[in-house]
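Here the structure is laid out as structure tokens; the discussion comes afterwards.
Values quoted throughout were computed directly from the atomic coordinates according to the rules given, and no laboratory measurement underlies them. This structure is a prediction, so every number in the text was calculated from the model and none was measured. In this analysis, Cβ positions are derived from the backbone assuming ideal geometry, glycine residues included, and neighbour counts consider all displayed protein chains.
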Amino acid sequence: MIKTTHVSIQCRECGHAEFEQPDNVQDDDFVKCHDCGFQIMLADLKEVGVEQVKEIVIPEVKKEIEKMLKKAFRGRLK
Ligand SMILES: [Zn+2]
């Protein structure tokens, strides 16, 4: 699941996925990793996130789609 209301991108230092962020965080604001305290600008964090989404989410989505397609085909064959 991609969360839009919460930063769910992994810290590139420790892999933790929770960041402290100010209210109404802007792209040039810094967010801070809850775990190791690593600070990163939101715009940079988003870029890291895009890379992670490409690596993690897309294969998973593909798997889900393949599963759905298999089910759909099975249903038709009966
Ligand atoms: Zn961290």
Within straight-line cross-link reach of Lys71, aspartates and glutamates at Cα separation under 17 Å, skipping those fewer than 8 residues along the same chain: Glu60
Reference-scaled alpha-carbon Rg (2.2 N^0.38 Å with N residues) for the stretch 19-77: 1.77
Simple spin-label estimate for Phe38 and Lys63 in nanometres, 7 Å along Cα-Cβ: 2.4
Signed unit charges on C-beta, dipole axis of the chain, positive-most listed residue Ile58, Cys14, Met68: Met68
Dipole magnitude (debye, nearest 20) for the chain, charges at Cβ of Lys, Arg, Asp, Glu: 1240
